[in-house]
Amino acid sequence: MKYNSLGLDVQKTEAMVHQLNTLLANFQTYYQNLRGIHWNIRGKRFFDLHVKFEELYTDANLKVDMIAERVLTLGGTPLHTFNDYITKTTVPVGKNVSNDEASVQLVVDSLSELLKIERNILEMSGDANDEGTNSMMSDFISEQEKTIWMMKAWLDQSM
């Protein structure tokens, strides 16, 4: 078994980089969805949702940077073109979404998809003894689960 300078198995780290790049592509789609619904939201809940979506896209932008820097830390190259993102994303793309409930549902659906990827990475990082990636995924998962709960409460949906 070959180890990198972080003391992590090289093969496991390469697989982790691949999955982190998949997460990066999906986070970029989520981020762009948030920008779109922030710009296009209409109706009586405009003021509340406009501010909330800005809060969410600011957080997503920070997470995009964290993911890219983790890829670099592990010796990989972060994806950075729209073409790369389009080919790897599984997060639903929201186009011309301006309705309040549809906007919030898009956030829920996007985060649900991100959670699937993050849980896969969490499992991989645990197996690879990669505490840096493991900790990041744990933090992301906790925050996103809470956001989904809040958004579903707003939608008056059960978990």
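One table, with the values for the structure above:
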quantity: Residue in the stretch 125-139 that is out of contact with any Gly (no Cβ under 7 Å at 6 or more places or on another chain), under 20 Å from Thr90 (Cα atoms) and of a type outside the set (A, V, I, L, M) present; calculated: no
quantity: Which listed residue is over 20 Å from Asn4 (Cβ atoms), of a type outside the set (A, V, I, L, M), out of contact with any Asp or Glu (no Cβ under 6 Å at 6 or more places or on another chain) and surrounded by fewer than 13 Cβ atoms within 10 Å (Cβ to Cβ), from Thr147, Thr81; calculated: Thr81
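Yes/no per residue for (1) touching a strand residue (DSSP E or B) at 6+ places or on another chain (Cβ under 9 Å); (2) surrounded by fewer than 16 Cβ atoms within 10 Å (Cβ to Cβ); (3) in contact (Cβ under 8 Å) with a residue 24 or more places away in the chain:
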| site | (1), (2), (3) |
| --- | --- |
| Asp9 | yes, no, yes |
| Lys12 | no, no, yes |
| Leu24 | no, no, yes |
| Phe27 | no, no, yes |
| Leu34 | no, no, yes |
| Trp39 | no, yes, no |
| Lys52 | no, no, no |
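Residue by residue, here is whether (1) of a type in the set (A, V, I, L, M); (2) under 25 Å from Thr13 (Cα atoms); (3) modelled with pLDDT of 95 or more; (4) touching a Cys at 6+ places or on another chain (Cβ under 9 Å) holds:
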residue: Val91; (1), (2), (3), (4): yes, yes, yes, no
residue: Glu101; (1), (2), (3), (4): no, no, yes, no
residue: Val108; (1), (2), (3), (4): yes, no, yes, no
residue: Leu115; (1), (2), (3), (4): yes, yes, yes, no
residue: Glu118; (1), (2), (3), (4): no, yes, yes, no
residue: Met137; (1), (2), (3), (4): yes, yes, yes, no
residue: Phe140; (1), (2), (3), (4): no, yes, yes, no
residue: Ile148; (1), (2), (3), (4): yes, no, yes, no
residue: Leu155; (1), (2), (3), (4): yes, no, yes, no
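The values are calculated or read from the model by the stated rules, or taken from the named source; none is laboratory data. Small disclaimer: the values here were computed from a predicted structure and weren't measured. Neighbour counts run over all protein chains shown; Cβ positions are idealised from the backbone, glycine included.
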